[in-house]
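What follows is a single structure, written as structure tokens, with notes after it.
The values are calculated or read from the model by the stated rules, or taken from the named source; none is laboratory data. From a predicted model like this one, the values you see are computed outputs, not experimental measurements. As a convention, Cβ positions derive from the backbone with ideal geometry for all residues, glycine included, and neighbour counts pool all protein chains shown.
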Amino acid sequence: MAAAARVDPKQFFSPEEWAPLARRSAWKGPALVAHAWAVIFAAAAMAVVWPITIPLAIAIIGARQLGLAILMHDAAHAALHPNLKVNDWVGNHLTTGDLVAYRPYHLGHHKYAQQPEDPDLGLSAPFPITRTSLRRKIIRDLTGQTYYKLKWSGLVSRLRDRKPGESVWPILKDAVVRRRRFFGGMVVTLALTAPFGLWWVWPVLWLAPQATWLPMITRLRNIAEHACVAQGEPDPLRHARSTHASLLERAFLAPYYVNYHCEHHMFMHVPCYHLPRTQRLLKEKGVLDRMLTAKSYVEVLRLAASKPQPAPIVAAA
């Protein structure tokens, strides 16, 4: 297996420039995690007080759910805190992901970025696709079909295909153990809200964002990062794409600097909050023009959906 080419920071930065970029803050990473949860609670409170804002709250909370996953991703690179034990504890317990399972998988993605062995290659390989195909995917995301397929269809299949006379309880017990965070969060939230008549908070303001907005923006983020990037790309400055994000896009689609993805692949241990500064320095040095970038998410989506529609089949007379 041939690993992807890597970038040596010494190619672009002096030791004085590189040291602050690589430095991990003891408070910035945990502060971003706290920020994500604070926004989630604030959006939920807004929806409880003004139910008309529930659709807006779903989008806000879904974006912060993605934000927590992004911060768990930073922890996978040991970039969330300078103390590895603290880094791993925060990443594994205060975000929404399984850091232990995610880390080896994701580091494999970096090692073989856009190479045949890249475990994420299947996410970018189908592109470009047609507009109709992209529209269908987004509809499946927003209607919960993608969430069901990824999270629950396997359990339903196991229950449906069990042998005659086989008890459902071992299967359900295994499902609860595997999804203990999901069910634990559900039980705790219902216990805290149901006595006040707010039993609907968990399904509407946690599960609904997780099942609709989160899958859609996760797809759009994946498209922006690697869609239409050449397989087997030899240039490490073009293994991933950085996309300019407006204020609204950072709020609802690309939180916590996730849009600086080319810089992240070039220097994967740089904490996310240093990526904007990294890009500015690269721009000053004339490197940015050699990197894979996009001016907006709209530009990337147009590229990803640029495959022509197939010609309609005309029946013979």
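Residues that are part of a helix (DSSP H, G or I) and buried (at least 17 other Cβ atoms within 10 Å of the Cβ) within the range 5-27 comprise 9, 18, 21, listed in sequence order. Among the residues of the range 234-260, those identified as in a loop (DSSP other than H, G, I, E, B) and of a type in the set (D, E, K, R) are 235, 241. For the criterion of being at pLDDT 95 or above, surrounded by fewer than 21 Cβ atoms within 10 Å (Cβ to Cβ) and of a type in the set (D, E, K, R), residue 233 fails.
Every residue, every condition in (1) among the hydrophobic types (A, V, I, L, M, F, W, C); (2) more than 30 Å from residue 26 (Cα to Cα); (3) in contact with an Asp or Glu (Cβ under 6 Å, 6 or more places away or on another chain), yes or no:
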site	(1), (2), (3)
250	no, no, no
263	no, no, no
271	no, no, no
289	no, yes, no
295	no, yes, no
302	no, yes, no
305	yes, yes, no
311	yes, yes, no
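Residues in the range 261-312 that are outside any helix (DSSP H, G or I) and without any contact (Cβ under 8 Å) to a residue 40 or more places away in the chain: 286, 311, 312.
Screening the range 28-37 for residues that are touching a helix residue (DSSP H, G or I) at 6+ places or on another chain (Cβ under 9 Å) and more than 18 Å from residue 276 (Cα to Cα) and picking the one that is surrounded by the most Cβ atoms within 10 Å (Cβ to Cβ) gives 36. Only one entry of 73, 81 meets the criterion of being under 27 Å from residue 117 (Cβ atoms) and buried (at least 22 other Cβ atoms within 10 Å of the Cβ), and that entry is 73. Residues in the range 1-35 that are among the aromatic types (Phe, Trp, Tyr) and touching a residue at least 40 places away in the same chain (Cβ under 8 Å): 12, 13.
The set of residues in the range 120-130 that are among the aliphatic types (A, V, I, L, M) and part of a helix (DSSP H, G or I) comprises 121, 123.
Scanning the range 138-172 for residues that are free of Cβ contacts under 8 Å to residues at least 12 places away in the same chain, acidic (Asp, Glu) and closer than 23 Å to residue 301 by Cα yields a count of 0. Inspect the range 41-60 for any residue being touching a residue at least 12 places away in the same chain (Cβ under 8 Å), over 30 Å from residue 204 (Cβ atoms), more than 16 Å from the chain's Cα centre (by Cα) and surrounded by fewer than 20 Cβ atoms within 10 Å (Cβ to Cβ) and give the result as yes or no. No: zero hits. Once the range 195-211 is narrowed to residues that are crowded, with 19+ Cβ neighbours inside 10 Å and of a type in the set (Phe, Trp, Tyr), the residue that is farthest from residue 140 (Cα to Cα) is 202.
Condition (residue is outside any helix (DSSP H, G or I), of a type in the set (S, T, N, Q) and under 28 Å from residue 3 (Cα atoms)) applied to the range 108-116: is it met by at least one residue? Scanning the range 108-116 turns up at least one residue that is outside any helix (DSSP H, G or I), of a type in the set (S, T, N, Q) and under 28 Å from residue 3 (Cα atoms).
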